[in-house]
Each structure stands twice: as C-alpha cells, then as structure tokens.
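Undergrad: One structure coming up, written as structure tokens, with questions to follow.
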Amino acid sequence: MKFRLSRHAEEEMARRSIPLSLVESVLEKPQQITAEQHGKRAYQSKVDFGGGRIFLLRAIVAADREPPVVVTVYRTRKISKYWRTP
C-alpha cells in the first residue's frame, strides 16, 4: 500500500531523528495496527534504535484518504501504554 507523508510528519521525523527507512518498514509490515481517535490508525512496531534500546515506533495514519496520509510519527519507551494484546 502506498502512503503519503504530511508536512508535519516529515518535520517530526527530522526533529526526532527518525529515519525514513524505519517509517517505511513499519508502514509496510507493522507488528500491530490499532484504532485511534477520529478514525485514524496507528501502525506500530517495536524497533531497536541502537544500543539495545527498544522503542515503539508509531505512525499515525488517516486511512480515509487516498492514498492514506501519515499524519505524524514518533517513538516512545511507553510500550505497554500503546501495545494491545488480544
């Protein structure tokens, strides 16, 4: 599936030093997709950002657009807050 990055998402990736390759990887093969507010979806995966530190990389996507738009991207150490277990 093709995605478009919003200007905000591009700015946040640069500000937070998140490589495009990692974002593309999460969008192509997310470990999990969760429903978010206002009909958005979070594509997320646990990612090693170096030094063995695991973060949850989240791409928030407006899936009701064609192509879907990545609204923002961020990483967090609060994995248990966002990770959903069936």
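Undergrad: Filter segment 14-42 down to residues that are part of a helix (DSSP H, G or I) and either touching a Lys or Arg at 6+ places or on another chain (Cβ under 9 Å) or within 14 Å of LEU56 (Cα to Cα) (or both) and give me whichever is most open to solvent (accessible area, probe 1.4 Å). It would help to see each step written out before you state the result.
TA: Pass one, segment 14-42, residues part of a helix (DSSP H, G or I): 14-15, 20-28, 37-39.
Then drop every residue that is not either touching a Lys or Arg at 6+ places or on another chain (Cβ under 9 Å) or within 14 Å of LEU56 (Cα to Cα) (or both), which leaves 22-23, 25-27.
Values: LEU22: 47, VAL23: 3, SER25: 63, VAL26: 4, LEU27: 20 Å².
My answer is SER25.
Undergrad: Residues of segment 70-82 being in contact with a strand residue (DSSP E or B) (Cβ under 7 Å, 6 or more places away or on another chain) and open to solvent by 10 Å² or more (accessible area, probe 1.4 Å), which ones?
TA: The answer is VAL71, THR72, TYR74, ARG75, THR76, ARG77, ILE79, TYR82.
Undergrad: Residue pairs, Cβ under 9 Å, 6 or more apart or interchain, first in segment 58-86 and free of Cβ contacts under 8 Å to residues at least 60 places away in the same chain and part of a strand (DSSP E or B), second among the acidic types (Asp, Glu) and open to solvent by 30 Å² or more (accessible area, probe 1.4 Å). List them.
TA: Cβ pairs passing all conditions: ILE60/GLU36; VAL61/GLU36.
Undergrad: If I go through segment 43-54 residue by residue, how many of them are under 12 Å from VAL73 (Cβ atoms) and either of a type in the set (Val, Ile, Thr) or touching a Lys or Arg at 6+ places or on another chain (Cβ under 6 Å) (or both)?
TA: Residues flagged as under 12 Å from VAL73 (Cβ atoms) and either of a type in the set (Val, Ile, Thr) or touching a Lys or Arg at 6+ places or on another chain (Cβ under 6 Å) (or both) within segment 43-54 amount to 2.
The values are calculated or read from the model by the stated rules, or taken from the named source; none is laboratory data. The structure presented is a predicted model; accordingly, all values stated were derived computationally and were not measured. Don't worry about glycine lacking a Cβ; one is built from the backbone with ideal geometry, like all the others, and counts go over all protein chains shown. In case anyone asks, the SASA skips ligands and DNA or RNA and just uses the protein heavy atoms, side chains included. Shrake-Rupley method; radii C 1.70, N 1.55, O 1.52, S 1.80 Å.
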